[in-house]
Amino acid sequence: MTGAGSPLSLRSRLRSLRPAAFGADSAGERLERIHRSPNFADGVFQNPVGARTRPSGASGLEFAKIYFQKEARARRAPIGTIPVYSTTLADLAAPPVSGLRLTWMGHSSVLAEIDGRRVLFDPVWGERCSPFAFAGPKRLHPVPVPLASLGPVDVVVISHDHYDHLDLPTIRALASTDTVFAVPLGVGAHLERWGVAASRLRELDWNESTELAGIRLTATPARHFCGRGLRNQQHTLWASWVVEGPEHRVYHSGDTGYFPGFRDIGAEHGPFDATMIQIGAYSEYWPDIHMTPAEGMRAHLDLQGGRPSGVMLPIHWGTFNLAPHPWAEPGEGTVTAAAEAGAGIALPRPGQPFEPTGDEVPDAPWWRSVAAVPAEGWPAATAPVTAPAGAPAAKAAGDTAGRGDGGKTEETAESASSA
C-alpha cells in the first residue's frame, strides 16, 4: 500500500521535513552492507566492549544541577582570549622538513601533512556544534584560518557523526572541492545528502582499509556511539583511524572510551610517529565513551607497544564546552600524565603547526594565561613533555607483513567507493 494516506507515504513526508543538519538514513545497498557487518547485531552497531552512552550513577536532574550551576559554568570557560596562533598559513606555505607536520585547529580538527599528502581529520569550522545556528555549544575561540584559505586537501577523514565532529556547513564547503572523504560505515548517507558525490566516498567498516594518493587509511575500532537526529538508531559506525605513508604513520582516536583494543591496534599498525588522542569532555556520568587525560595517556602507551615513544597530541578539548570539568583541566591532566609516564606530548596553541619528529615540539602550557588559577596554584612540571629522542620509524604504507585481518575485508579505493 503506497497511497496518499499510507504509513509509507507519511514516513516519506516526515523524512522530507527533517532538517538538513540531521543528515540522512542509510538505505539500499548501504543499509544491506550495514546489516552484513560483523559489528552490527540486534539492530545496532556494537561496541568492542560494553559502553554506557547515557549519564549513569545519578539522575539526569542531578547532572543538570551540576552542569548549570553558576560557579561550575564559570570554570568551564577561559577568563581571557584564547591565544590562537597568528601565522598558520605562512608556516604551512613550506612543506614540512621531516615529511610529517600536524596542525591542531581546535577540538578534534587536525590537518596532517604526511609524506606529501594532506589529510584533514574531523573538520569543524562552524560556530556551534549543533543542528541549529542559534543554539548549542559555541566556539570558545575562532578558527585559526578560514577553510577556503587552507588550500587543497587530499582526504577528509570523519570519525563519527556527532555534531562536534561532522559539521554541516564545513562539509558543504568541502563538497565543492575535489577532496575524497574517508568515513565509517553509514556516515556516507549524511554526506551524500549534503552534496558529496558517491564517487568521492570511501566508506569503511572496522579493520577495512583504502589507499589514496600513496597513503593508506584504516578504520579501527573505538568505544563510542553515534546519532544526529531525534532518534539514535545506531545505524552509523564510529571509528578511530590509522593513516600510513611511505615514511610516517599517525593515529587519530576520534571519540572513545578506554578499552583493551588499543593494544591490538598498536600491535597491528604501530608504532606511530604521533597519536592524536581524545582527552576532554569526560565525566563520571559517561565513563565508557570518553577518556580522561590519564586514560588517554594509557591508550597512547598501548598504541606504542607499552613504550613512551612518539608524540601524543591531546585533542577534543579547549574549543567547545561539552562537559562539567573545568576548561583547562584536560590540558593540565595531560601534562601530569605525560610526566608520570615519561612520554612526549605536544601542546600547540590552536593553529600552531609542528613536526612531531622534529626538534621543536611545542610544550608550553599556553592555557594558563587565560585560565583561572587553581586554589593550590599551577603544578610544577616534573619531567620534560617534549618528544623523547628516537621517535619510531614507520613501516612502509604497503608493508602488510604480519598483519592479521581478523577475517574482515580489506577494501581498495575502487571497491570502497561502490559501497
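Counting heavy atoms of the protein chains only and a 1.4 Å probe, report the per residue accessible area for the range 135-220 as a whole number of Å². Write out the running numbers ahead of the final one.
On the way: 2530 Å² over 86 residues.
Value returned for the range 135-220: 29 Å² of accessible area per residue.
Among residues other than L140 whose Cβ falls under 15 Å from its Cβ, what is the net charge (Lys/Arg +1, Asp/Glu -1)?
+4
Note the full-extension length gain between R172 and R52 as 0.36 nm times their separation in residues minus their Cα-Cα distance, in nm to one decimal.
Full extension from R172 to R52 adds 40.0 nm.
If you take every residue apart from G116 with its C-beta less than 12 Å away from the C-beta of G116, what net charge results, scoring Lys and Arg +1 and Asp and Glu -1? Intermediate results must be reported in sequence, preceding the final value.
Numbers: positive: R101, R117, R118; negative: E113, D115, D154, E247.
Summing Lys and Arg as +1 and Asp and Glu as -1 gives -1.
One quarter of the convex hull surface, Cα atoms only: what value does that give for the range 237-394 in nm²?
Result: 9.6 nm².
For a quick protection proxy, order the peptides 37-43, 182-188, 366-372, 96-102 by their average other-Cβ count within 10 Å, most packed first.
182-188, 96-102, 366-372, 37-43
When ranked by the protection proxy of mean other Cβ atoms within 10 Å per residue, highest first, what sequence do the peptides 189-196, 357-364, 301-308 form?
Taking the mean over residues of other Cβ atoms within 10 Å, the ranking is 189-196, 301-308, 357-364.
Amide H to amide H, which residues 5 or more places from R118 or on other chains are under 5 Å from it, using H placed in the peptide plane?
So R118 has HN proximity to D154, V155.
Based on the Cβ-Cβ distance from H35 to A375, what FRET efficiency comes out when R0 is 56 Å, to the nearest 0.05?
That gives a FRET efficiency of 0.55.
Carbon-plus-sulfur fraction of the accessible area of the range 75-138, 1.4 Å probe, in percent?
Heavy-atom surface of the range 75-138 belonging to carbon and sulfur, 1.4 Å probe: 59 percent.
Using a 1.4 Å probe on the protein heavy atoms, what percent of the accessible area of the range 311-365 belongs to carbon and sulfur?
43 percent
The values are calculated or read from the model by the stated rules, or taken from the named source; none is laboratory data. None of the values given here were measured: they were computed from a predicted structure. Cβ atoms come from the backbone with ideal geometry, glycine included; neighbour counts cover every protein chain shown. Note: areas computed on protein heavy atoms with side chains; ligands, DNA, RNA excluded. Shrake-Rupley method; radii C 1.70, N 1.55, O 1.52, S 1.80 Å.
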